[in-house]
Amino acid sequence: MICPSCNQIASSWQRNAFSLQGVTFLQSIKGQLKCQYCGVLLRPVKYGRQLWFVFFAFVVFMALIMLFSDRFYRAFGLVAVGIYWVILVVMVCFVFVYAMWKYTVLEKVDDEAPKTP
C-alpha cells in the first residue's frame, strides 16, 4: 500500500486494522484513507496479482485438506479435526486480510467535485 504522492507506505497494518486512518466514518465506509506521511486523501483502486495468487493457493490447500479430512477424523477424532479447521480458517483469514493491505493499489481522491455552471 504505497502512497502515489510521496512513495511511502500510506498506512501501517496496525493503523489499517484498528483505526479509521485519519478520515471520517463515512469516508472510511467508502474505503478512503489518509496517508500517514503526507496526509493526502487516497482510495483503493485495485489489488495486485499477488493477492489473487495467495487466494488461489489457499483455496487449493483447503480443498486438499478436505480430501484428507476423513483420514484425519479416523486418526485423531472429531474434536482434534474441529480445532484444526478453526485454526486453519483463522490463519487463512489473517493472511488474506494482510495480503489485501499489502497489495492494494491506491490513487488520490479529488477533494473538489466537478462544478456545474
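Only a single criterion out of (1) surrounded by 11 or more Cβ atoms within 10 Å (Cβ to Cβ); (2) assigned to a helix (DSSP H, G or I) is not satisfied by Met66, namely (1).
A single entry from Ile87, Ile83 fulfils the requirement of being within 22 Å of the chain's Cα centre (by Cα) and either closer than 30 Å to Ala17 by Cα or without any contact (Cβ under 8 Å) to a residue 40 or more places away in the chain (or both): Ile87. Only one entry in Gln14, Gln8 is of a type in the set (S, T, N, Q), under 15 Å from Lys102 (Cβ atoms) and at pLDDT 85 or above, namely Gln8.
The set of residues from segment 2-25 being in contact (Cβ under 8 Å) with a residue 12 or more places away in the chain and on the phi > 0 side of the Ramachandran plot comprises Gln21, Gly22.
Exactly one condition in (1) within 14 Å of the chain's Cα centre (by Cα); (2) part of a loop (DSSP other than H, G, I, E, B); (3) modelled with pLDDT under 85 is not met by Phe96; state its number. All conditions are met except number (2). When segment 15-54 is filtered for residues that are surrounded by fewer than 16 Cβ atoms within 10 Å (Cβ to Cβ) and in a helix (DSSP H, G or I), the ones remaining, listed by number, are Ala17, Phe18, Phe25, Leu26, Ser28, Ile29, Arg49, Gln50, Trp52, Phe53.
Give me a count of the residues in segment 5-14 that are part of a loop (DSSP other than H, G, I, E, B) and touching a Cys at 6+ places or on another chain (Cβ under 9 Å). Break it down into steps so the answer makes sense when it comes.
From segment 5-14, those part of a loop (DSSP other than H, G, I, E, B) are 5-8, 10-12; that's our starting set.
The next check asks that each one be touching a Cys at 6+ places or on another chain (Cβ under 9 Å); those that pass are 5-6, 8, 10-11.
Count: 5.
The values are calculated or read from the model by the stated rules, or taken from the named source; none is laboratory data. Not measured: the values here are computed from a predicted model. Neighbour counts are summed over all protein chains in view; Cβ atoms, including those assigned to glycine, are modelled from backbone coordinates with ideal geometry.
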